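Chemist: Please see the structure below; I have some questions.
The values are calculated or read from the model by the stated rules, or taken from the named source; none is laboratory data. For clarity, every value in this text was computed on a predicted model and none was experimentally measured. When we count neighbours, we look across all protein chains shown, and the Cβ atoms used for this are built from the backbone with ideal geometry, even at glycine.
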Amino acid sequence: MIAESGSFKDAAHKLNISPSVLTRSIQALEAYLNTPLIIRTTRSLKLTTAGLTYLESVRQIITTLDKANSAIKKLHQIKPYGTINLSMPGIMQGEPHIGFFAKFSRAYPDIILNINNNMSPFQLINNQADIVISEFNINDKQFNREILYSINKRVFAAPKYLEQYGKPSTINDLQQHNCLLYAPASPAGIWEFAKRTKVKIKSNYRVESGVSIIPAAVAGIGLIWVEEDLVKAEVAEGKLVPIDIKPGVYSCLLNLYYLPTAYTGIVRLLIDEIIKYFSDYQNIQRLLKL
């Protein structure tokens, strides 16, 4: 600015600072470089050889920075696009979590979410999935694992089912009831309760999609074993009744798995969004329980 205007006073005016502040800044720079940059006289000023060299170098740096800033702005203007293969419990494709995926799809309409219900993290190895959300607790160095939140699973039934068949109270009682089986979550037909107590259930109604198992229970076909938060609305409306089964409610973690090499681009975008969503969701649930 000083070189272009030829005057400290004019340069200070254009920079909206006082001439004294500008003078001290130049003096500090000359002291730092240990060389004079400007030759001052009462009538004029001109750059020294060092000053001319320094000015040219600074101009090149500013040009490079401008190009970098422009490239970053263009990058942000490019809308994310592509396909993400996401595996998660089908039951998460209903309330209350479907709103998150609806919001994500509206925000990124050019990203295709290809969803399946297989909850095995080992899908990541053969590229069947980019992200897996699962109740399965697997410690394997091949995967990165993020804990989303803690869930409680318990048994529920419709009032009309309980009127006809009675209410079970222990895991042994479950043997006398029809239990609706969501296969991806219970591939061996086993339900688990507190103290790692497990029971092999009987079922004449098995589904691969978790979304359909809740309406089946509401219709009175049998008992279901699901996360408490997923049937809050049905319980509030009296369509389903929670059942206490000894030895107690089963607690587990909902995990997100991905390969370290996959944490880039649109996959990273979705992972970060999911982690933030479940962090907010868990905080809201804690507040509601206060």
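Chemist: Just to be sure before I move on: is GLU208 of a type in the set (Asp, Glu), at pLDDT 90 or above and under 32 Å from the mean Cα position of the chain (by Cα) in the structure I sent?
Modeler: no
Chemist: Regarding segment 254-263, can at least one residue be identified that is touching a residue at least 60 places away in the same chain (Cβ under 8 Å), among the small types (Gly, Ala, Ser) and over 22 Å from ASN152 (Cα atoms)?
Modeler: Looking for residues that are touching a residue at least 60 places away in the same chain (Cβ under 8 Å), among the small types (Gly, Ala, Ser) and over 22 Å from ASN152 (Cα atoms), one finds at least one in segment 254-263, hence yes.
Chemist: Specify which of the listed residues (ALA233, ALA185, ALA217) is of a type in the set (A, V, I, L, M) and assigned to a loop (DSSP other than H, G, I, E, B).
Modeler: Residue meeting the stated conditions: ALA185.
Chemist: Still on this structure: Give segment 223-261 a look and list any residue that's touching a Ser or Thr at 6+ places or on another chain (Cβ under 7 Å) and either farther than 21 Å from GLY189 by Cα or surrounded by 15 or more Cβ atoms within 10 Å (Cβ to Cβ) (or both), or say none.
Modeler: Selection gives ILE245, ASN255, TYR257.
Chemist: Let me ask something else. Can you name every residue in segment 188-210 that is under 18 Å from GLY220 (Cα atoms), aliphatic (A, V, I, L, M) and part of a strand (DSSP E or B)?
Modeler: Result: VAL207, single match.
Chemist: Separate question: Looking only at segment 124-171, which residues are without any contact (Cβ under 8 Å) to a residue 12 or more places away in the chain and over 20 Å from ALA262 (Cα atoms)?
Modeler: Matches in segment 124-171: GLU163, GLY166.
Chemist: In the set TYR32, TYR81, which member is modelled with pLDDT of 80 or more and under 30 Å from TYR257 (Cα atoms)?
Modeler: One residue alone meets the criteria, TYR81.
Chemist: Give TYR54, TYR32 a once-over and let me know the one that is free of Cβ contacts under 8 Å to residues at least 60 places away in the same chain, surrounded by 15 or more Cβ atoms within 10 Å (Cβ to Cβ) and not in a strand (DSSP E or B). Give the steps one after another, and end with the answer.
Modeler: Details: TYR32 fails: surrounded by 15 or more Cβ atoms within 10 Å (Cβ to Cβ).
Of TYR54, TYR32, the one residue that is free of Cβ contacts under 8 Å to residues at least 60 places away in the same chain, surrounded by 15 or more Cβ atoms within 10 Å (Cβ to Cβ) and not in a strand (DSSP E or B) is TYR54.
Chemist: In segment 137-155, which residues are surrounded by fewer than 16 Cβ atoms within 10 Å (Cβ to Cβ), within 17 Å of ALA185 (Cα to Cα) and out of contact with any helix residue (DSSP H, G or I) (no Cβ under 6 Å at 6 or more places or on another chain)?
Modeler: ASN137, SER150
Chemist: Does segment 168-177 hold any residues that are out of contact with any Asp or Glu (no Cβ under 8 Å at 6 or more places or on another chain), surrounded by fewer than 17 Cβ atoms within 10 Å (Cβ to Cβ) and assigned to a loop (DSSP other than H, G, I, E, B), and which are they?
Modeler: Passing the criteria: only ASN172.
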